[in-house]
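Notes for the one structure printed next.
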Amino acid sequence: MISAILSLSLFLLFSPDGASGQNILCMMMHCAEESKNCMLDSDCRSALACITGCGTQNETCMFDCLYSYEDDVFDTFMKCAFTEHKCITMVSPDPNFRCKPPHPPLQTLSAQQLKGAWYIVLGLNPNFDCFDCQITTFQPSNTSNTLFVNELFEVHTVDGKLKHRLVNETAVQNTSVQGLLEYKSMQMGHETTTEWRILYQDPKLSYMIGYYCGHVASDWYYEGSVVFSRMPALSSEVLTEVKGHMTSLGLPVNQFCAPKTSNCF
C-alpha cells in the first residue's frame, strides 16, 4: 500500500515543470486505498502520465488528457487527494484570469422555456464548448426552482478513440433574475460551481444564447459561451439572425466553433 502511494507521489513530483505539489504524508494518511487503486488502474495512470506531460500553462493539453482517460477510479482518487484533503495542489494556468460577462442575463425566463433537449450548435471555449454532438437537457423540478441538467457529448481521445460522455449537474434558477442559473456538480473529483447567464432567447423559443463563468479553485476560473438550438442545425437565415444578436450582446462571433450535430448517438 505505502509503496503504491510513494510511487504515485514520486511520479507526480518529478513531472515536467512541477505541474502540481503533493503531500506524501497526507496521501498516506487519508488516501492510501485511492492511491493504490489509481496506480493499479491503467486509465488513472494514463491520465496522470498525460497530464504531467502538459506543463503548467497548456490548459488545452490538460483537458484533452482528462477527457481521454478519466474514469471512476481517477475521480475517486482526485476527490480524496484534491478536494477532500488537499494533498495535491494544482497551479492555475493563469491565476490572474477573471471572467468578464458580456451582458446581463434575461430578467424573465420560465423553467418551461428551458425544459427539454437542446443542441449546442456554436461554442466559444475550445476546452469545453467545441465537442461534437453536445446535447443539453433541462428537467425542472416539480417542487422548487431547481433544474436537473444532463450534458451528453462525444470526445475524440488523445489515443484516437471515440468516447460518449455524460455529465449530470444540478442548476438553481434565480427567482429574481430568471436568466441566471447556478450550477453545482462534482466533475473529475473536483467540486465545480458555474454561473450561467441566458442572454437571449428568440420569441419562437427555438434557440437561445448563453454565457457561463465558473471555477474549480480560488484562482482557477474559466468562461465560455454557447448557442443552444432545438434543432441540430440552423438555417442560413437563422444563423445570420443569431450572429446579429451575438454581436449586439458583445460576443466575439468570429471566435466561435461549430460542433458536429448530425448522426449523433
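A short reminder: the numbers here are calculations on the coordinates, not readings from a lab. Note that the structure is predicted; figures quoted are calculated from it, not measured. Please note: Cβ atoms are built from the backbone with ideal geometry, for glycine as well, and neighbour counts cover all protein chains shown.
Numbers for the structure displayed
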item: FRET efficiency estimate (nearest 0.05) - Cβ-Cβ, residue 71 to residue 144, R0 30 angstrom; result: 0.40
item: Net charge contributed by nearby residues that have their C-beta within less than 14 Å of residue 221 (K/R +1, D/E -1); result: -3
item: Spacing of the two label points (7 Å from each Cα toward its C-beta) at residue 29 and residue 206, in nm; result: 6.1
item: Ordering of 152-164, 175-187 by burial proxy (mean other Cβ atoms within 10 Å per residue, highest first); result: 175-187, 152-164
item: Cα-Cα over 19 Å, subset of 115/163; 79/184; 163/260; 36/79; 100/260; 204/243; result: 115/163; 100/260
item: GNM result for the chain, Cα springs below 10 Å: residue of 230, 165, 45 fluctuating most strongly; result: 165
item: Residue among 114, 205, 251 with the largest mean-square fluctuation in a Gaussian network model of the chain, springs linking Cα atoms under 10 Å; result: 205
item: 13 Å beta-carbon shell around residue 170, net charge (K/R +1, D/E -1); result: -3
